[in-house]
Structure formats: structure tokens, C-alpha cells
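Single-structure report; data block below.
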Amino acid sequence: MALTLYGGARSRASMPRWYMEEKGIAYNWQLLDMEAGEHRQEAFTAINPFGKVPALVDDDPALPGGRLQLFESGAILLYLAERYGGECQNAAERGLAQQWVLFANATLATALFVPSNREREFPRLMEVLDRKLGEGPLMGNSWSVADCAVNAYLAYLPIFFPQIDLSPFPQVQATIAATQQRPAYQHVMGQR
């Protein structure tokens, strides 16, 4: 059984990679040279025909065909959470995990990286998230795939948007600071 995660520098591969580090899931990291176009070569497009990262390959004789190939960071996170992370043990947990991962990748990412949405949606989302983050982990009593997905995007704020004033959102600020101090996050983001 072997997991291989394919990614590029400064890509969404950091989310599943961070999750695997946090959960102690053994994996091989395959850094692709995006500038040289490695993600467009046949060796990689056989894994993800769209030529995008991240992609995950799970080689395990117990799987149908002995292998599973996945792309899209959210799909990878949800698969890892259920198969290797001990999460998503029932339909309710699976639904909550899907809710937060989809929120992070669709709603939160769009509010951050699309300029017109950043002006319109971002403050409203931060207000709600600030309250929600004050209640503790997003799916219960401990850090989960939901926290990984949401907190990864929040931690992008000081990197990509240092001009944004987060002082009205103290729980968001505290979450960013706590995320940046996590050893697994530091390892994946190259701060350690």
C-alpha cells in the first residue's frame, strides 16, 4: 500500500499534504516542476487528464484494480479523511466534512481570489466564520479535515493579501496564528 501526492510549489497540494502530516499518514511527495510543464506530460496526464495539481495515487491491492487516482484537493481531502484519517464514520460526519471542504474550495476561495467577490462577499463570510471559529473545531472536539480546508485558506490571507485588515475578526486572526504555529503546517509550508 502506497500513497503518492503530486503537487507544485504554491499549489492546493499543500492542503492534502498538510492533512496527511497532521494525521501521520505515510505518503510519497512528488513535486512537479510546473514551469517546465511536468504537469502537462503524459506521465502525469495519465493520472489527471486535466494536467492540474494536486493528484493522489493510492496503490493498494485491496482497491478495485489495485489503484485509485484522484484529482481535486477537496476530493483528495475527503478520501483521506474517510480512508486514513478515521473521520467520516457515518453519513452525518461525511455530510459535515463535505459541507466544510466544499465551502472552503468553492465559497471561501472565490471570496478571497476573485477581486469583485473579495469586496462583496469577504466581509460577510469573515463575520460568520469569526463567530463559528470562536466555538472551537468545525466538526466537533478535535482538528479535522474541515479545519484543514478552511484554515488553509485563512492562512493564505497574510501571504497573498497582507493589506486586508483582519482586526474586526479576532477569531479569524487567532486561527491564522494557531495554524501558522502547527508543526505539520510549518513543515508543509517550508517554515521549518
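In region 99-150, what residues are closer than 25 Å to Glu82 by Cβ, part of a loop (DSSP other than H, G, I, E, B) and either open to solvent by less than 20 Å² (accessible area, probe 1.4 Å) or touching a helix residue (DSSP H, G or I) at 6+ places or on another chain (Cβ under 6 Å) (or both)?
Correct list: Pro137, Leu138, Met139, Ser144.
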Return the only residue of Leu77, Leu68, Leu3 being buried (at least 16 other Cβ atoms within 10 Å of the Cβ) and assigned to a strand (DSSP E or B). Leu3
Take Arg12 and tell me if it is open to solvent by 80 Å² or more (accessible area, probe 1.4 Å), modelled with pLDDT under 95 and touching a helix residue (DSSP H, G or I) at 6+ places or on another chain (Cβ under 8 Å). yes
Which residues, taken from region 178-192, are closer than 15 Å to Trp143 by Cβ and open to solvent by 50 Å² or more (accessible area, probe 1.4 Å)? Ala178, Gln180, Gln181, Arg182, Pro183
At negative phi and open to solvent by less than 50 Å² (accessible area, probe 1.4 Å), is that true of Leu96? no
What is the residue count in region 42-65 for residues that are open to solvent by 80 Å² or more (accessible area, probe 1.4 Å) and either of a type in the set (Gly, Ala, Ser) or over 22 Å from Phe103 (Cβ atoms) (or both)? 8
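Among the residues that make up region 17-30, is at least one of them more than 20 Å from Pro183 (Cα to Cα) and open to solvent by 40 Å² or more (accessible area, probe 1.4 Å)?
So far as region 17-30 goes, yes, one or more of its residues are more than 20 Å from Pro183 (Cα to Cα) and open to solvent by 40 Å² or more (accessible area, probe 1.4 Å).
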Can you tell me which residue is surrounded by the most Cβ atoms within 10 Å (Cβ to Cβ) among those in region 151-171 that are under 23 Å from Leu102 (Cβ atoms) and more than 17 Å from the chain's Cα centre (by Cα)? Phe169
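The values are calculated or read from the model by the stated rules, or taken from the named source; none is laboratory data. Since the structure is predicted, the reported quantities are computational estimates derived from the model, not experimental observations. With ideal geometry, Cβ positions are generated from the backbone for all residues, glycine too; neighbour counts draw on all protein chains shown. Just so you know, the surface numbers come from the protein's heavy atoms only, side chains and all, with ligands and any DNA or RNA stripped out. Shrake-Rupley method; radii C 1.70, N 1.55, O 1.52, S 1.80 Å.
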